Amino acid sequence: MNSKINNFINGEFITSKSDLITVWSPQDGKKLTEVTNSSLKDLDQAIYAAKNAYKSWSEFTLKERVEFFYEFRNQLKNNIDSLSDSICQENGKTFEEAKAEVLKGIELTEFACSIPQIIHDEIQEVSRGVECRSSHVPVGIVSSITPFNFPIMVPMWTIPNALVLGNCMILKPSEQTPVGASKIAELLKISGLPNGVFNVINGDKKIVEEICDHKDISAISFVGSTKIAKTIYQKSTSNLKRCLALGGAKNHLIVLPDANSEMASNDIVASMSGCAGQRCMAASAMIGVGKIEETINKIKNKAKNVIPGKNLGSVISKEAKQRIEKYIDEAEKEGAKIILDGRDVKVSGKENGYYVGPTIIDYVTPEMKIAKEEVFGPVLAIMRTEEIDHAIKIENSSNYGNASSVYTQDGKLANYITEKVSAGMVGVNIGVPVPREPFSFGGWNESRFGVGDITGKSSINFWTRLKKRTSKWNASAKKNWMS
């Protein structure tokens, strides 16, 4: 993969005169490709195409728009292997993880295809001879800014729903993983989507700022770190746009003494190491309540079977590897105990790849940086307490609020804990409590800025506006204050 990644505008890949950004393979550290670092002129070109397309696209019925996504779903299914390969190359995932990402993208598309059965006009005779009707209409030209960790799935959180609902989109993928977005564009074109409805603008933070400022973009979604999410939310809303910006996470798994240690250890290892820990739903902090030595020992032993380069992918960059290992170093200096060390990993044949092995740190205290900050790597910090309420207090002290789970066989305690923890997505005996469609994805606190969630039924309100119409046709109807 060496050819340059161009912008996709009005149904075509367009060569730009803008500078190029080098994309490095996280698997071996070699140059993968180059991608356009777009200018305002490039963005204006994409928005011009989107505005022209919107005139007719917004007038299609829901069912007419859905027809394109039935075919798009077929294209995704027919290209699972090639899409998975591209994820492996640009992101560093294992093939199995990459394939799971594509399958989730298919599920998200299937939900979009169901939208005509979910939303419909509401009609009621509110007074004799007077009828009120409310309907969902598209917002207009929208933008979705997506991260490196799921180059196919996260764009699919927004593309199918936003387009089926009648909007036209400018997608800005991560400059570290631009290949997935270009493949989505290709498949949408093959599916017959009209030119200009979907466009891809590549680049770094400069083009993100232009998107936030552009007067013709009405709504922006973002997924990434909390620091950037907060900035984008503030900048977008100050320009009178609607914005939903999802940030980072520090997800806590609370393990009680009665937990099924075999199930808990399997789940926790998979949660902390899956996708090399580079997902906002990864278990990065565990709070053990009381005697949980058996579970911790099993976690350690099972994590030893997670092998970098085999069933554990790379992290995204050299800088990410250095940052993750710095967190581990600092935790050790602060007195935590490293019971499984994944630093300084080398993979045979890929010595220049960016790998961090599974790392388990015991006897972490809530004040340590490793307990409070998002590491975004295959690292589990274990804290200990004797009281359930103290465990809940530790969880609730986090600035984040994406996910939390409890491991127990006691239904009453499970309900108590899931009601008390401050997180938007909670689980019982599950390591990654991601809701499935039609339920929506979204956290609380500094894991989300804006109202609503980004997927499922909740997303419909973000991508549409309600139009209310009141009509009176019967002039002879009995008159009252309403009619």
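The residues of segment 10-24 that are at pLDDT below 95 and among the polar types (S, T, N, Q), listed by number, are 15, 16, 18. Hey, any hits in segment 394-402 for a residue that's within 13 Å of residue 289 (Cβ to Cβ) and either crowded, with 18+ Cβ neighbours inside 10 Å or touching a strand residue (DSSP E or B) at 6+ places or on another chain (Cβ under 7 Å) (or both)? Yes; the residues of segment 394-402 include at least one that is within 13 Å of residue 289 (Cβ to Cβ) and either crowded, with 18+ Cβ neighbours inside 10 Å or touching a strand residue (DSSP E or B) at 6+ places or on another chain (Cβ under 7 Å) (or both).
Among the conditions (1) under 18 Å from residue 242 (Cα atoms); (2) surrounded by fewer than 23 Cβ atoms within 10 Å (Cβ to Cβ); (3) among the acidic types (Asp, Glu), residue 437 misses just one, which is (1).
Evaluate the following for residue 463: is it aromatic (Phe, Trp, Tyr) and surrounded by fewer than 21 Cβ atoms within 10 Å (Cβ to Cβ)? No, not satisfied. When the residues of segment 97-113 are filtered to those that are without any contact (Cβ under 8 Å) to a residue 60 or more places away in the chain and more than 11 Å from residue 180 (Cβ to Cβ), the one that is farthest from the chain's Cα centre (by Cα) is 113.
Of the residues 248, 288, 274, which single one is assigned to a loop (DSSP other than H, G, I, E, B), in contact with a helix residue (DSSP H, G or I) (Cβ under 9 Å, 6 or more places away or on another chain), within 29 Å of residue 344 (Cβ to Cβ) and not hydrophobic (A, V, I, L, M, F, W, C)?
Working: 288 fails: assigned to a loop (DSSP other than H, G, I, E, B); 274 fails: assigned to a loop (DSSP other than H, G, I, E, B).
On inspection, the qualifying residue turns out to be 248.
The criterion of at least 2 residues that are touching a strand residue (DSSP E or B) at 6+ places or on another chain (Cβ under 6 Å) and over 25 Å from residue 166 (Cβ atoms) is met by the following strands (runs of 3 or more DSSP E) wholly inside segment 1-81: 20-24, 31-36.
Residues checked against (1) within 21 Å of the chain's Cα centre (by Cα); (2) farther than 20 Å from residue 434 by Cβ; (3) touching a residue at least 60 places away in the same chain (Cβ under 8 Å):
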position: 216; (1), (2), (3): no, yes, yes
position: 229; (1), (2), (3): yes, no, yes
position: 239; (1), (2), (3): no, yes, no
position: 251; (1), (2), (3): yes, no, yes
position: 255; (1), (2), (3): no, no, yes
position: 273; (1), (2), (3): yes, no, yes
position: 300; (1), (2), (3): no, yes, yes
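Against the definition (under 20 Å from residue 154 (Cβ atoms), out of contact with any strand residue (DSSP E or B) (no Cβ under 7 Å at 6 or more places or on another chain), outside any helix (DSSP H, G or I) and not hydroxyl-bearing (Ser, Thr, Tyr)), how does residue 93 come out, yes or no? Against the criterion (under 20 Å from residue 154 (Cβ atoms), out of contact with any strand residue (DSSP E or B) (no Cβ under 7 Å at 6 or more places or on another chain), outside any helix (DSSP H, G or I) and not hydroxyl-bearing (Ser, Thr, Tyr)), residue 93 qualifies.
For residue 361, the criteria (1) β-branched (Val, Ile, Thr); (2) without any contact (Cβ under 8 Å) to a residue 60 or more places away in the chain; (3) part of a helix (DSSP H, G or I) hold in every case but one, which is (3). Of the candidates 413, 340, the single residue that is touching a residue at least 12 places away in the same chain (Cβ under 8 Å) and under 17 Å from residue 276 (Cβ atoms) is 340. From the list 470, 408, 455, 418, the one residue that fits, being hydroxyl-bearing (Ser, Thr, Tyr), in contact with a helix residue (DSSP H, G or I) (Cβ under 8 Å, 6 or more places away or on another chain) and over 24 Å from residue 231 (Cα atoms), is 408. Inside segment 7-41, can you point out the residues that are buried (at least 23 other Cβ atoms within 10 Å of the Cβ) and more than 25 Å from residue 348 (Cα to Cα)? Within segment 7-41, 7, 8, 9, 35, 36, 38 meet the criteria.
Tallying residues that are under 16 Å from residue 465 (Cα atoms), over 24 Å from the mean Cα position of the chain (by Cα) and of a type in the set (Gly, Ala, Ser) within segment 118-146 yields 2. Among the residues of segment 54-72, is there at least one that is at pLDDT 95 or above, within 23 Å of residue 169 (Cα to Cα), within 22 Å of the chain's Cα centre (by Cα) and crowded, with 20+ Cβ neighbours inside 10 Å? Checked against the condition, which is being at pLDDT 95 or above, within 23 Å of residue 169 (Cα to Cα), within 22 Å of the chain's Cα centre (by Cα) and crowded, with 20+ Cβ neighbours inside 10 Å, segment 54-72 yields at least one hit. Look through segment 5-21, keep the residues that are charged (D, E, K, R) and within 25 Å of residue 168 (Cβ to Cβ), and return whichever of them is nearest to the chain's Cα centre (by Cα). It comes out as 12. Only residues that are surrounded by fewer than 22 Cβ atoms within 10 Å (Cβ to Cβ) and either in contact with a strand residue (DSSP E or B) (Cβ under 8 Å, 6 or more places away or on another chain) or closer than 23 Å to residue 27 by Cβ (or both) were counted in segment 242-266, giving 4. If you go through segment 130-154 and keep only what is surrounded by fewer than 17 Cβ atoms within 10 Å (Cβ to Cβ) and of a type outside the set (Lys, Arg), you end up with 131, 132, 134, 135, 137. Taking the criterion of being touching a strand residue (DSSP E or B) at 6+ places or on another chain (Cβ under 6 Å) and part of a loop (DSSP other than H, G, I, E, B), the residues of segment 190-217 that qualify are 197, 201, 202, 216, 217. Note on segment 302-322: residues that are under 25 Å from residue 368 (Cα atoms) and either in contact with a Ser or Thr (Cβ under 6 Å, 6 or more places away or on another chain) or without any contact (Cβ under 8 Å) to a residue 24 or more places away in the chain (or both) total 2. Among the conditions (1) of a type outside the set (D, E, K, R); (2) crowded, with 18+ Cβ neighbours inside 10 Å; (3) touching a Cys at 6+ places or on another chain (Cβ under 8 Å), residue 187 misses just one, which is (3). Scanning segment 326-337 for any residue that is without any contact (Cβ under 8 Å) to a residue 12 or more places away in the chain and closer than 24 Å to residue 401 by Cβ turns up nothing. Of the set (1) part of a helix (DSSP H, G or I); (2) within 24 Å of residue 392 (Cβ to Cβ), all apply to residue 262 but (2).
The values are calculated or read from the model by the stated rules, or taken from the named source; none is laboratory data. Note that this is a predicted model, so its numbers are computed, not measured. Backbone-built Cβ (ideal geometry, glycine too); neighbour counts: all protein chains shown.
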